[in-house]
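What follows is a single structure, written as structure tokens, with notes after it.
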Amino acid sequence: MSILPLFVFAFVIYLVIEQPKFRIPFTKVFFTLDYGVAPLIGVAILYFSGAIEEKILFKGIIGNENIKPYAIIILFNALAYVCISMDITGLFAYLALYTTKAAGNSGRKLFLYFFILSSVLTMFTSNDIVTLTLTPLICYFTRYTKTNPLPYLIGQFFAANIWSTALYIGDPTNIIVAQAYRLSFLEYSAWMILPTLVAGSTCLGLLWVVFYKQIPETIQTPEISPESALKDKKGAIFSVICLGLCLVFLSLSHWLEWDIWKICLGSCIVMMARDLTKDTYTAFQKRSIPSFATFISVLGRMPWKIIPFVLGMFIMVESLCFYGWVDRFASMISALSVDIFSSVFLMGYLSSFVSNLMNNQPMTILFTQITQSPSFVVDAPILQKASMFALILGSNLGNNLTLIGALAGIMWSSILKDKGIVIAYKQFAKYGFLIMPLVIFFACLVLSLEFYFVNSLQ
């Protein structure tokens, strides 16, 4: 059993978390080994050392009958385009300003409203989109009102990473697991809605207790007009309809026998067509050559680096499978999964904590392969299914333990630094480990009870 794939996997995780910078010789240009580059370096090391062959590269990209990396990438990026295009219309900024206005002069109402707004938007878009969109707005508002931003930012970030669990499309990790187990959109939500609701409610209650004294009772809000943020009202309406129809078709995909990634791609194409048409019409009115400003702006904000990241991680996990490491891990974990409660709690907490050692997407890719390994032997099929849904919980909830649990945390921290706000890793982890272990406990308890009662009825 070769140790090289395991070593390279760990090395790539280190690069993803640390993102070291190097200066190009004889220039003042710096190059960052970030999450878009690091996995490609790992794959190159394995390939040129002879540890993997072309068939492993091919399998890591095309996948198998259960896991199709290309479908996951298309699905995620297609939805990202729709959501980013929606944001460019000013809709999210409008909702944030409307929320601020609705809270009046109450700092505590505003905290509650921002938590709810983050939760609702995450359910229908994704945690990454909400993090990138609402964080700058909260920074601006708290600076303008001279309010401590910490409670509002932590509340927004925690809400986004908890409520991303509810729907299939809330986080790339959900898509990875759901695709692997061929879950329909509705089947996924049927199991995850209640644990998410309990997790979200528990988190809100704990945040309220922890930050109660830091949230001002009254604040001096500026005179704001939410309508001023809405740059393209027709575009906002169109994007809401487009996303709404996408969700409808996703919920019907099982009966229509349509692939989920194709539905999302179709929505993306419709949104692209609308953006290109708008840009062309605007240029026609001005009697100028179309610059396609809207379309190019959306493309510029797309998470393109997720493509090499996901493909590279799939290839490296495939190498771990080839050399037997996945089977070894599967034997160890399945030996401790003796009933529904132990299966759920073990996988829920294990995946949550391991996310913060290697980031949640590599963890999910690895653990999905572990639960599907022939060496993952449990007494009943329902235990494997319980472990699978607990993995989804951990891949989302674990993001709130430290800033390195997910790429969203790294991006969130970077946005805050650009806005002059520093939340240290240690400071964030203090709140994460104070609040999230109990949130994970109640979410796992509800999920365990769901499987327990379903199993007792069979």
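Table for the structure above
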| read-out | value |
| --- | --- |
| Within region 97-154, considering residues that are among the hydroxyl-bearing types (Ser, Thr, Tyr) and farther than 25 Å from residue 420 by Cβ, the one nearest to the chain's Cα centre (by Cα) | 126 |
| Selection within region 120-170 - without any contact (Cβ under 8 Å) to a residue 60 or more places away in the chain, polar (S, T, N, Q) and assigned to a loop (DSSP other than H, G, I, E, B) | 126 |
| Residue satisfying condition, being touching a residue at least 12 places away in the same chain (Cβ under 8 Å) and not in a helix (DSSP H, G or I), within set 338, 344 | 338 |
| Number of the condition not met by residue 304 [criteria: (1) farther than 19 Å from residue 379 by Cβ; (2) outside any loop (DSSP other than H, G, I, E, B)] | (2) |
| The lone exception for residue 287 - which of (1) surrounded by fewer than 18 Cβ atoms within 10 Å (Cβ to Cβ); (2) closer than 21 Å to residue 122 by Cα; (3) free of Cβ contacts under 8 Å to residues at least 60 places away in the same chain it fails | (2) |
| Subset of region 233-246 that is touching a residue at least 40 places away in the same chain (Cβ under 8 Å) and either closer than 22 Å to residue 93 by Cα or surrounded by fewer than 19 Cβ atoms within 10 Å (Cβ to Cβ) (or both) - its residue that is nearest to the chain's Cα centre (by Cα) | 243 |
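Yes/no matrix, rows are residues, columns are (1) surrounded by fewer than 18 Cβ atoms within 10 Å (Cβ to Cβ); (2) of a type in the set (Phe, Trp, Tyr); (3) more than 28 Å from residue 251 (Cα to Cα); (4) at pLDDT 85 or above:
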{"position": "196", "(1), (2), (3), (4)": "no, no, no, yes"}
{"position": "199", "(1), (2), (3), (4)": "no, no, no, yes"}
{"position": "207", "(1), (2), (3), (4)": "no, no, yes, yes"}
{"position": "214", "(1), (2), (3), (4)": "yes, no, yes, yes"}
{"position": "217", "(1), (2), (3), (4)": "yes, no, yes, yes"}
{"position": "221", "(1), (2), (3), (4)": "no, no, yes, no"}
{"position": "228", "(1), (2), (3), (4)": "yes, no, yes, no"}
{"position": "231", "(1), (2), (3), (4)": "yes, no, yes, yes"}
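The values are calculated or read from the model by the stated rules, or taken from the named source; none is laboratory data. Computed from a prediction, not measured in an experiment: that's the story for all the values here. All Cβ positions, glycine included, derive from the backbone under ideal geometry; neighbour counts span all protein chains shown.
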